[in-house]
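The values are calculated or read from the model by the stated rules, or taken from the named source; none is laboratory data. Keep in mind the model is a prediction, meaning the values are calculated, not measured. Glycine also receives a Cβ, built like all others from the backbone with ideal geometry; neighbour counts cover every protein chain displayed. What goes into the accessible areas is simple: the full protein's heavy atoms, side chains included, and nothing from ligands, DNA or RNA. Shrake-Rupley method; radii C 1.70, N 1.55, O 1.52, S 1.80 Å.
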Amino acid sequence: MILFRIARNLMINHGKSYYQKNVSLMGEETSPIFGSKAQGPEGQVLDKMEAEDLSRMLGELMSVLPEEQRTALELRYGQGCKLEEIAQVLDLSISGISRLLERAEKAMLLEGKRRGFQPGNFLRS
């Protein structure tokens with residue numbers, strides 16, 4: 001389980017759900033009888049709070065990692081760099097970067113479990 005991938009996918013899903021809520025198909029009923037597709041202000045505030053909690057938790061988990069692992073994760077998931085690009089920046093081989101990322105992801109997962117972080121709390125069905 002990769003926490004950054006989860007966060008990225010949450011943001012993608014949020015963008016897709018926003019689009020679906022705010023775009024109505026031609027001929028679709030929009031009367032109040034069928035309920036509104038738009039999210040109310042309370043829902044928006046709750047979504048923002050959840051995103052802030054997730055961001056804070058990821059920041060705390062990242063702070064536990066060594067600098068090299070933090071940098072590799074930020075480049076890979078924060079900036080979307082390829083393994084080759086990260087290898088150039090950190091002056092390591094591609095396979096070394098791959099192993100470094102795996103170790104960092106595993107360390108974040110273990111630390112998250114230790115702190116009681118439940119990714120399911122941030123995922124919507």
Self-check item: Single match in LEU46, LEU61 (criterion: closer than 30 Å to LEU110 by Cα, at pLDDT below 85 and of a type in the set (A, V, I, L, M, F, W, C))
Solution: LEU46
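Looking at SER55, SER63, SER98, SER93, which is the one that is open to solvent by 50 Å² or more (accessible area, probe 1.4 Å), of a type in the set (Ser, Thr, Tyr) and more than 25 Å from GLY116 (Cα to Cα)? Full working, then the answer.
Working: SER55 fails: more than 25 Å from GLY116 (Cα to Cα); SER63 fails: more than 25 Å from GLY116 (Cα to Cα); SER98 fails: open to solvent by 50 Å² or more (accessible area, probe 1.4 Å).
That would be SER93, the only listed residue that is open to solvent by 50 Å² or more (accessible area, probe 1.4 Å), of a type in the set (Ser, Thr, Tyr) and more than 25 Å from GLY116 (Cα to Cα).
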Exercise. With respect to ALA104, determine if the residue is open to solvent by less than 90 Å² (accessible area, probe 1.4 Å), farther than 20 Å from MET11 by Cα, modelled with pLDDT of 90 or more and out of contact with any Lys or Arg (no Cβ under 9 Å at 6 or more places or on another chain).
Key: no
Exercise. Search the range 111-125 for residues that are within 16 Å of ILE12 (Cα to Cα) and open to solvent by 50 Å² or more (accessible area, probe 1.4 Å) and pair each with any residue that is at pLDDT 55 or above and not hydrophobic (A, V, I, L, M, F, W, C) when their beta-carbon atoms are under 9 Å apart and the residues are at least 6 apart or on different chains.
Key: LEU123/ASN9; LEU123/ASN13; ARG124/ASN13; ARG124/HIS14; ARG124/SER17
Exercise. Could you check SER36 against (1) part of a helix (DSSP H, G or I); (2) open to solvent by 80 Å² or more (accessible area, probe 1.4 Å); (3) more than 20 Å from ARG8 (Cα to Cα); (4) modelled with pLDDT under 90 and say which number it fails?
Key: (1)
